[in-house]
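J.: Structure incoming, see below.
The values are calculated or read from the model by the stated rules, or taken from the named source; none is laboratory data. Every value quoted in this text rests on a predicted model; they were computed, and no experiment measured them. Cβ: placed from backbone, ideal geometry, glycine included. Neighbour counts: every protein chain shown.
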Amino acid sequence: MFSQSVWKKAIRFAVHEHYQSFYIPPGTGKPSDKMDLDACRRGNLTGDYVMAIAGRYKVARGVVVKKGNRSENADAIASAVNALSNSNWANQDLKIRALECQKIAEELCKPGVAKNGGARTEGKQVSLVSKLAWFVEPDGWTLYDSLASAALGVNSFEKFYCALDTRGFFDLSAQLNAELATSPHKDLFGERIIDKFLWVCGQSMAGVDRFLRKPEIASRKHPKSVDDLANAIAANHANDFIKLLG
């Protein structure tokens, strides 16, 4: 089992990592989660954003691009995910939401759904759909990732969300969001801090501490307000984060 200091280090890393990917410094020309969220939220995802987000999150290979039909397929994927905003999806528990994402992924990979007679995606891309869903309806949702799933000790999409449902994900994310709301960084999401924490904890037990000690990680500099936020969250919620791991 990790020492309390390693857990808190992982939580601080999660806050820093979410901040870094959410806000990209102006003038860098790089996309950020906030920019894409602002554009896509509430059912405004487009095919271009599907490819941009999928590329950044390394799941673009799942979109069929043969015979020049990438644009058509990306647009269709966007339309399918946007439909979540027109349903009661955002008010359901994680297990129900995960099932809806699975249904979308299953429909997109069916032969014959594309105009050329093929599929929209290469196989059932549940990870892709879960990621795009966050940019459309982020509240109370988190992305599926194999490392995050490993951190929970489960090995499937459905089991991942079931585990989060029963281990306090909603309570912890609500507490984090309440704390964020009184900080200088109220646009950040507690759900994504949890996501980053699970990602780093998905490595081997020895691997987590080794990863966090890497010079390029340990030497990162952040604004004092972000450091203060990370320290406060680690101090106030360490046991809640540990509970998620089971």
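J.: Answer yes or no: is there a residue in the range 150-159 that is out of contact with any helix residue (DSSP H, G or I) (no Cβ under 8 Å at 6 or more places or on another chain), touching a residue at least 24 places away in the same chain (Cβ under 8 Å) and hydrophobic (A, V, I, L, M, F, W, C).
T.: Step one: filter the range 150-159 for residues out of contact with any helix residue (DSSP H, G or I) (no Cβ under 8 Å at 6 or more places or on another chain), giving 150.
Going one step further and asking which of them are touching a residue at least 24 places away in the same chain (Cβ under 8 Å), we end up with 150.
With hydrophobic (A, V, I, L, M, F, W, C) added as a condition, the list becomes 150.
There is at least one residue in the range 150-159 that is out of contact with any helix residue (DSSP H, G or I) (no Cβ under 8 Å at 6 or more places or on another chain), touching a residue at least 24 places away in the same chain (Cβ under 8 Å) and hydrophobic (A, V, I, L, M, F, W, C).
J.: Would a scan of the range 178-186 turn up a residue that is closer than 25 Å to residue 138 by Cα and among the basic types (Lys, Arg)?
T.: Of the range 178-186, the ones closer than 25 Å to residue 138 by Cα are 178-186.
Cutting the leftovers down to among the basic types (Lys, Arg) gives us 186.
Looking through the range 178-186, at least one residue is closer than 25 Å to residue 138 by Cα and among the basic types (Lys, Arg).
J.: If you don't mind, there's one more thing I want to ask. In the range 201-228, which residues are more than 28 Å from residue 166 (Cβ to Cβ), in a helix (DSSP H, G or I) and not small (Gly, Ala, Ser)?
T.: 210, 215, 216, 217, 224, 226, 227, 228
J.: Test of understanding: among 82, 86, 69, 73, which residue is at pLDDT 90 or above and on the phi < 0 side of the Ramachandran plot? Break it down into steps so the answer makes sense when it comes.
T.: Numbers: 86 fails: at pLDDT 90 or above; 69 fails: at pLDDT 90 or above; 73 fails: at pLDDT 90 or above.
82 is the lone residue from the list that is at pLDDT 90 or above and on the phi < 0 side of the Ramachandran plot.
J.: Right, next: Is the range 116-128 home to any residue that is in contact with a Ser or Thr (Cβ under 9 Å, 6 or more places away or on another chain), of a type outside the set (A, V, I, L, M) and at pLDDT below 95?
T.: Narrowing the range 116-128 to residues in contact with a Ser or Thr (Cβ under 9 Å, 6 or more places away or on another chain): 127-128.
Remaining after also requiring of a type outside the set (A, V, I, L, M): 127.
Of the ones still in play, those that are also at pLDDT below 95 are none.
For the range 116-128, residues in contact with a Ser or Thr (Cβ under 9 Å, 6 or more places away or on another chain), of a type outside the set (A, V, I, L, M) and at pLDDT below 95: absent.
J.: Report every pair of residues separated by at least 6 positions or lying on different chains whose Cβ atoms are under 6 Å apart, first residue within the range 50-63 and crowded, with 19+ Cβ neighbours inside 10 Å, second among the hydroxyl-bearing types (Ser, Thr, Tyr) and part of a helix (DSSP H, G or I).
T.: So the pair list comes out as 59/127.
J.: Residue 175 is checked against (1) among the polar types (S, T, N, Q); (2) surrounded by 14 or more Cβ atoms within 10 Å (Cβ to Cβ); (3) free of Cβ contacts under 8 Å to residues at least 60 places away in the same chain and fails just one. What number does that condition carry?
T.: Answer for residue 175: the failing condition is (3).
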